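**Q** Okay, handing you the structure first.
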Amino acid sequence: MAAISRKAVSPDDRKNRNLAEVEIDLMWQGLKSMLGSSLSLVMRWRTYGRMLYLLIGLPLGLFYAVFIFGAIVLGVGLSPIGIGVLLLIGLAMGSWILLAIDRELAVMLIGVELDPLITPRADGLVATARVYFLHPGTWKSLAYLVLRFPLGVITFAIVFVAIGIASTLTAAPITLLLTDLDLGFWKVDETWESFILAPFGPPAGIIALFIIDRVALAYTRVINAAISS
C-alpha cells in the first residue's frame, strides 16, 4: 500500500493564511457594522425628526422673512408718529423670542444640545430698548432669521430630491403602470427594466437618510453661530 505523502506547510504560507483570515474577519465585521448602522438609521425616530426639521425650515423661514421685513417697513414708516419706534423695539425683542423658539425646535427634533440663549436684561423701557438695539446678538438673530428662508429652500430641496429619487427607484414597477420613467440618461418603458431599478431603491433610501441626517447636524452649527454672543 503506497504511503500518502503530505506537503509540508511552510511558515510563510501559514503566515499568509493567517493574514487572509484576519482580513476576511475585518471585512465581515465592517459589513456587520455598516448593516447595523444602516438599520439603526432607518429604525430610529430621530432620523425622521431631523427630516421634519429640514422640511419645516421653508415655511418657518418664509414666516420669519415676512415678519421681519413687514415690521421694518411699518416701523420706519410710522416712526414720525412714535408708533414705529415701538414696532422696531418689538422687532428687536421679538427676534430673540423667534430665535429661542427655533432653538427649541432644533433641540427637540434634531436631538442635540445647543448653546444656551442668554437674553439681554435692563430696567425700564428706554434702557431695555437701548440694550436690545446695541446688543450684537440682536443683529445676529435678525440675520439668522432672514437667512432661514433661503436655507430652508435649500434643505427642503435636499430632502425632496433625496427621498424622491429613492422613492422613484423603489416604486419603479408601480410607477411604470401609470407613466413612463425618464431618468435623463435612461428612459424606462419596459416592465423588466423597472424591476432592474427597484432593488436600487432601498440602498438609495438609506443614502438619502444619511445625507439628511448629516445636513441636519451641520445645520446646528449655523444655529450655534447665531446664538453665541
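**Q** Given the residues Asp102, Asp123, which is the only one that is modelled with pLDDT of 90 or more and either surrounded by 16 or more Cβ atoms within 10 Å (Cβ to Cβ) or not in a helix (DSSP H, G or I) (or both)?
**A** Criteria check complete, one pass: Asp102.
**Q** Under the condition of being more than 12 Å from Ser167 (Cα to Cα) and not aromatic (Phe, Trp, Tyr), which residue from segment 192-206 is surrounded by the fewest Cβ atoms within 10 Å (Cβ to Cβ)?
**A** In this case the residue turns out to be Ile196.
**Q** Out of the helices (runs of 4 or more DSSP H) lying entirely within segment 131-208, which hold 3 or more residues that are within 25 Å of Ile110 (Cβ to Cβ), touching a residue at least 24 places away in the same chain (Cβ under 8 Å) and among the acidic types (Asp, Glu)?
**A** Hits in segment 131-208: none.
The values are calculated or read from the model by the stated rules, or taken from the named source; none is laboratory data. Small disclaimer: the values here were computed from a predicted structure and weren't measured. Note that each Cβ is placed from the backbone with ideal geometry, even for glycine, and that neighbours are counted across all protein chains shown.
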